[in-house]
Amino acid sequence: MLVSLIALFVAAIAPARAASALPNEHVEAARSTWDSASPPDSGWVDVTLPDDWTTRWPRFDGVVWYRITWDIAKPQSSVGLFMEYLNMAGVIQMNDAEIARDKSLVEPLSRMWNTPRYFSIPAQLLRDGKNVLLIRVSGLASYGPGLGPVHIGAPDDMRAAFENELAVRRDWQISTMAVIASLSLFFLMLWLIRRKEIAYGWYSAQQFAWLNGNWNLIATSTWPFATTDMFEVANTASFLLFCGCYTMFVLRVCGQRWPRREVLMWVLLAIGSMALFLTPHDLVGQVRALFTSTMTIYSIVPNVMLVYFGIRSARLDLYVLAAVGFINMAALVHDTLVFTGVLDSNIYYSQYSAVAVAVGAAAVLAWNFTRNLRRVESFNTELQQSVEEARQELGTSLEREHLLQLAHVRLNERINLMHELHDGIGGMLVGNIAALEQAPDYVPSREALNMLRSLREDLRLILDTSSARNHGENSLTKLLAPLQHRMTKLFEAHDIEADWSVGNLDNIALTPPQNLDLLRILQEGLTNILKHSRAKHVRVKLSSDSQGLLMEIADDGIGMSADSEKEFGVGMHSMQARATRLGAKLTIDSSKGTTLVRLLVPHAVHEHEVFAQSS
Amino acid sequence: MSQEVLVVEDEPPMQARLLRILGSVGCAEHSVFCAATIAQAKTLASEHTFAAALIDLGLPDGNGIDLIGWLHSNNPTLPILVVSAWSIEEKIVDALRAGASGYLLKERDDLEIAMSLRTLSKGGVPIDPFIARQILGLLNEATKCSSGLLPGGAKPATGAPLSNREQSILLHVAQGMSNRKIADALGLSRWTIDTHIRHIYSKLSVNSRTQAVRAAHLHCLFR
């Protein structure tokens, strides 16, 4: 970008065209009125081109005829005519033949001051000897009226010079304006979407003002204004606006806010603009020149601020802006010196440096924009990472918790098993050992076998219940199943009809040891029936109500008989002991051919059920 | 029982006990052949054609389940009973899957074992709540698998491993009901119940190609 800028810059200053010396060349000018159709007869003075007629006829608004005469010996080929500019509008005649006429030769004048022209004049139009080129120029004293350099020569050379001039004066302007217009629009959109980025808005406003100002360079009519004065005043006002917006942009992009000074600046700029629009026609030229020079000098200020804040900021983007600001500042200082005549030059650098500033600032803003985007993206990545980490952490801690729970459950299970062994087999073993120690030397094998069998029964019960618990079945109903199955088969083998009725026990919440005690009591009771009762029918009923759990074992056997009293007593004793530990009430009622064992376990109901029923 | 029976049991007292119980159900002592090791059992099996085999699981020279598999593959129609102590459920189910057609629980009274043997000799099949529970557990996992995890949503070649009737019988057993009570409850004969249970067991075993496929299917899904 910068390289191409420099290339164009060099191209702009390069054409130092040597005035082609034409044979017997003579240039003269004469004043006339707005409506003159032909050159005046008198009043011709010699001039040199380029000519600003206000140096000769100050404050003259109107038409000036320029006449260029030169000799051609026997013209055989066409010649090229290249005119750099005329200010503002005009008519061009070659040997009395009109070759160009601008659209509006009276106010509002066509604005042709920045339009180079090229004509190829055919040989037929040329005369042997003296040739006359007449140029009628309509102009206003305030805006440097007159005629720019006119070159006559070989068509190819003239065309090349013209094209070069056109590129510098118009093409370059149009393309830079297009670039800046798109940048400006882009940042306007960004600002509209994201009002917080106020620097974008000021950048856009500044560039719009600049575009307005530069419209002057490419406009060929005063549209949208009715007069040339209005157009010119508006152009100067755009410059004021540009300076204001540029200052604001610099302040905001450097993160500064100077509320009072900003208001003061805008008030002054508004007063200046109003003054411009109120200036009478005669003074417009001077006022414009005053404002332009003042604002050119003023516009050094924001550039100095840019350099100052940029260097102090220790931020790379602002360093870049500071460099751009410095270039612009140098250009403006140079232009001021040229404008005031301190430097002997007619080249103004600021129109090029303004483009550099526009592009540089846009680059910095875009860079900031993408940097913010990157920050958001990396924030997203970080967020994802931290979410992933948190998830893993959670997973690990859940797993740990699960393992802990598992260990806890296992420990509980082990404690339960220990209690079960201790309360059941352990107690029986101790009791049996004590019984055998006290017994005479000879113990009937039947008795010993009974001792061992009861041990085995208890072990089976423990194994069955802990196996059911391994399947996650803690409900009494499920724990009952193995015992029910085994006992039913045994009863069937003994031709005893067993009738089981197990109600809904879901609201019964007993601890595992309590469940086991209940099963032990049941097993003991059923075993007694099997061994001693000679019953034909057995009925087992488990049910629950608000009182608690009720277990009934009924049989139609002989009840307590003398020969079974001893063993039966031992069984009864252990059943009573277990019932006591359960906090239950055990009653045995044996009458009328029916023995009924009844066990009531109170407070075995879920607490909330109790509340529900009591309320 | 007049035919020859193979008993594989390494503990002499238990061997004697089994002999006694077999005798009590009418099995003459000379027709019972006892082996204490797998090697002996295989030798005996190659010399005789047994009508039934009782196999203990813990043998000095190997696992009884392997022997069951071997016997079953040699003679798929041979009734094989596992003799196990303290109802180690997984072992019994493994044995059923290896081809056993029933089981005896050592810790039960002689009377109960004799009853089981009598039932078996009449074509009955033993089943206990814990076995039913195990099989139902396997079934649940299998249906979970077949409904979700089989590739391409393909239905397993054998359909549901167990029929509705078989499932309902297992559920009744798991609740603690005896076969007779189940027969009453379902309005079936006890013989039908036994047939169903035999089917259930055979569905567990690996004695044919289709069953191997099904078992592999179940197997992959249990783990």
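The values are calculated or read from the model by the stated rules, or taken from the named source; none is laboratory data. Just so we're clear, the structure is a prediction, and the values are computed from it rather than from any experiment. Here Cβ is always computed from backbone atoms with ideal geometry, including for glycine, and neighbour counts include all displayed protein chains.
Brief remarks follow.
- Evaluation of A:T477 against (1) within 14 Å of chain B (Cβ to nearest Cβ); (2) β-branched (V, I, T); (3) outside any helix (DSSP H, G or I) (one fails), failing number: (3)
- Only one of B:E89, B:E47, B:E112 that is at pLDDT below 80 and assigned by TED's automatic domain parsing to the domain that holds B:I21: B:E89
- Number of residues in region B:61-91 that are farther than 20 Å from B:T43 by Cβ, in contact (Cβ under 8 Å) with a residue 40 or more places away in the chain and either in contact with an Asp or Glu (Cβ under 7 Å, 6 or more places away or on another chain) or within 14 Å of chain A (Cβ to nearest Cβ) (or both): the value is 3.
- Residue satisfying all of: in region B:114-127; in contact (Cβ under 8 Å) with a residue 24 or more places away in the chain and away from every other protein chain (no Cβ under 11 Å); surrounded by the fewest Cβ atoms within 10 Å (Cβ to Cβ) among these: B:G123
- Failed condition for B:A100, given (1) among the aliphatic types (A, V, I, L, M); (2) in contact (Cβ under 8 Å) with a residue 24 or more places away in the chain; (3) assigned to a helix (DSSP H, G or I): (3)
- Among the numbered conditions (1) modelled with pLDDT of 85 or more; (2) surrounded by fewer than 20 Cβ atoms within 10 Å (Cβ to Cβ); (3) touching a Leu at 6+ places or on another chain (Cβ under 8 Å), the only one that A:G310 does not meet is (2).
- When residues of region A:43-85 are limited to those that are acidic (D, E) and within 12 Å of A:V27 (Cβ to Cβ), the one surrounded by the fewest Cβ atoms within 10 Å (Cβ to Cβ): A:D46
- Summed over region A:332-348, residues that are in a loop (DSSP other than H, G, I, E, B) and of a type in the set (A, V, I, L, M) total 3.
- Output for region A:185-227, where each listed residue is within 12 Å of A:F369 (Cβ to Cβ) and in contact with an Asp or Glu (Cβ under 8 Å, 6 or more places away or on another chain): A:L190, A:W191
- Any chance B:I55 is in a helix (DSSP H, G or I) and either assigned by TED's automatic domain parsing to the domain that holds B:I135 or modelled with pLDDT of 85 or more (or both): no
Let's see how each residue does on (1) aromatic (F, W, Y); (2) within 24 Å of A:L166 (Cα to Cα):
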residue: A:P50; (1), (2): no, yes
residue: A:G62; (1), (2): no, no
residue: A:A73; (1), (2): no, no
residue: A:L81; (1), (2): no, yes
residue: A:Y85; (1), (2): yes, yes
residue: A:I92; (1), (2): no, yes
residue: A:N95; (1), (2): no, no
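- Residue within region B:180-187 that is within 14 Å of chain A (Cβ to nearest Cβ), modelled with pLDDT under 85, over 30 Å from B:A16 (Cβ atoms) and not in a helix (DSSP H, G or I) present: no
- When the residues of region A:452-471 are filtered to those that are part of a helix (DSSP H, G or I) and within 7 Å of chain B (Cβ to nearest Cβ), the one that is nearest to A:S574 (Cα to Cα) is A:R456.
- Qualifying residue in region A:172-183 (condition: within 19 Å of the chain's Cα centre (by Cα) and of a type in the set (A, V, I, L, M)): no
- For region B:178-206, a residue qualifies if it is buried (at least 22 other Cβ atoms within 10 Å of the Cβ) and of a type in the set (A, V, I, L, M), and the qualifying residues are B:I182, B:I193, B:I197, B:I200, B:L204.
- Strands (runs of 3 or more DSSP E) contained in region A:86-141 and holding at least 2 residues outside the structural domain of A:N214 (by TED's automatic domain parsing) and surrounded by 20 or more Cβ atoms within 10 Å (Cβ to Cβ): A:89-94, A:117-121, A:129-139
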